[in-house]
Amino acid sequence: MTRVLVVEDDPQLVRALVINLQARHYGVDAAPDGATALRLAAARQPDVVLLDLGLPDMDGADVIKALRGWTRVPIMVLSARQSSDEKVAALDAGADDYVTKPFSMDELLARLRAAVRRTEDSPLVPELTLVETEDFSIDLRAKRVLRDGKDVRLTPTEWHLLEILVTNPGRLITQKQLLQEVWGVTQSNKTNYLRVYTAQLRRKLEADPSHPRYLITEPGMGYRFEG
């Protein structure tokens with residue numbers, strides 16, 4: 001049984017989430033504050049955490065950072081905070097997804113299923129050597145990309161950016177994370193670099209670069225690879 005830890009101080013929302021999750025055969029634990037959440041996470045080892053940012057005892061971002069000190073469990077933020085800065089801060093702290101309140105229960109459950117699938121696949125990721133799509137394939141060990149049976153020539157920077165995205169399939173990687181990883185800390189505000197290099201990768205890999213299927217932009221937040 002997949003276990004979900006709901007961290008939320010609104011009793012009505014907790015009740016709705018528990019009813020909907022249990023009806024779909026999830027095991028559910030609920031915590032009304034950050035301290036309880038951290039204690040339950042250690043004791044119950046959930047498969048997914050649903051986390052509100054506005055907790056009575058601490059900010060949800062601090063809960064994320066504390067969890068990331070010892071676990072890679074998927075963390076989905078559920079928050080009424082809608083500014084891009086706050087979304088990016090939560091993602092930079094280590095969250096995997098961000099759902100803005102009010103939300104559709106169907107959408108939340110779909111994102112939850114996707115998070116569980118990625119977790120089930122994740123043991124393979126460190127040994128991932130070959131990524132295959134309908135339009136191209138990537139040999140990570142050989143640092144080689146093939147499209148229509150022909151080599152695709154990538155610059156070192158293009159390769160580094162692509163490698164980060166494809167080794168985190170389905171996960172939103174923030175602009176800040178990508179810039180620091182590829183260009184270094186001093187370039188963490190140069191978002192135009194990402195636009196330029198992502199556009200170059202799309203021209204080389206996507207069947208229709210203006211409507212990308214694989215290299216997806218989350219406006220104001222970051223990028224994700226959908227295989």
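The values are calculated or read from the model by the stated rules, or taken from the named source; none is laboratory data. A quick note: this is a predicted structure, and the numbers were derived from the prediction, not measured. Every residue, glycine among them, receives a Cβ derived from its backbone with ideal geometry; neighbour counts consider all protein chains shown. When the accessible area is computed, the model is the full protein with side chains, heavy atoms only, and any ligands, DNA or RNA have been set aside. Shrake-Rupley method; radii C 1.70, N 1.55, O 1.52, S 1.80 Å.
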Next item on the list: Please work out the C-alpha center-to-center distance from region 154-227 to region 17-92 and express it in whole Å.
Entry: 27 Å
Note to self: Can you give the Rg/Rh ratio of region 43-84, where Rg is from the C-alpha atoms and Rh is the Kirkwood radius?
What the structure shows: 0.97
Notebook entry, point to check: With every protein chain left in place, what is the accessible area per residue of the chain in square angstrom, probe 1.4 Å?
Noted result: 52 Å²
Check: Bin by bin, in steps of 5 Å, what percent of the Cα pairs in the chain do you find, going until the bin that has the longest distance?
Finding: 1, 6, 14, 17, 17, 15, 12, 8, 6, 3, 1, 0
Next item on the list: Any chance you could give the angle, 0 to 90 degrees and rounded to 10, that helix 105-121 forms with the longest Cα principal axis of the chain?
Entry: 60 degrees
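Over 27 Å between C-alpha atoms is what I'm after, so list which of Lys143/Lys204; Lys65/Lys176; Lys87/Lys143; Lys65/Lys204; Lys150/Lys190 land there. All intermediate terms of the calculation are to be shown ahead of the outcome.
Details: Lys143/Lys204 15 Å; Lys65/Lys176 17 Å; Lys87/Lys143 33 Å; Lys65/Lys204 37 Å; Lys150/Lys190 32 Å.
In this structure, Lys87/Lys143; Lys65/Lys204; Lys150/Lys190 exceed 27 Å between Cα atoms.
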Note to self: To test your reading of the geometry: what angle, between 0 and 90 degrees and rounded to tens, separates the Cα axis of helix 84-93 from the longest principal axis of the chain?
What the structure shows: 90 degrees
Margin query: What do you get for the angle between helix 11-23 and the principal long axis of the chain? Use alpha-carbon atoms, 0 to 90 degrees, nearest ten.
Written below: 70 degrees
Notebook entry, point to check: Just going by the charge dipole of region 45-174, with Lys and Arg at +1 and Asp and Glu at -1 on Cβ, which of Asn168, Thr155, Thr133 is farthest out on the positive end?
Noted result: Thr155
Note to self: So if I place +1 on the C-beta of Lys and Arg and -1 on the C-beta of Asp and Glu, and nothing else carries charge, what would the dipole magnitude of the chain be about its Cα centre? I want it in debye, nearest 20.
What the structure shows: 520 debye
Checklist line | List Leu17, Leu40, ordered by accessible area with a 1.4 Å probe, largest first | finding: Leu40, Leu17
Item checked: Residue order for Lys204, Lys176 - accessible surface, 1.4 angstrom probe, largest first -> Lys176, Lys204
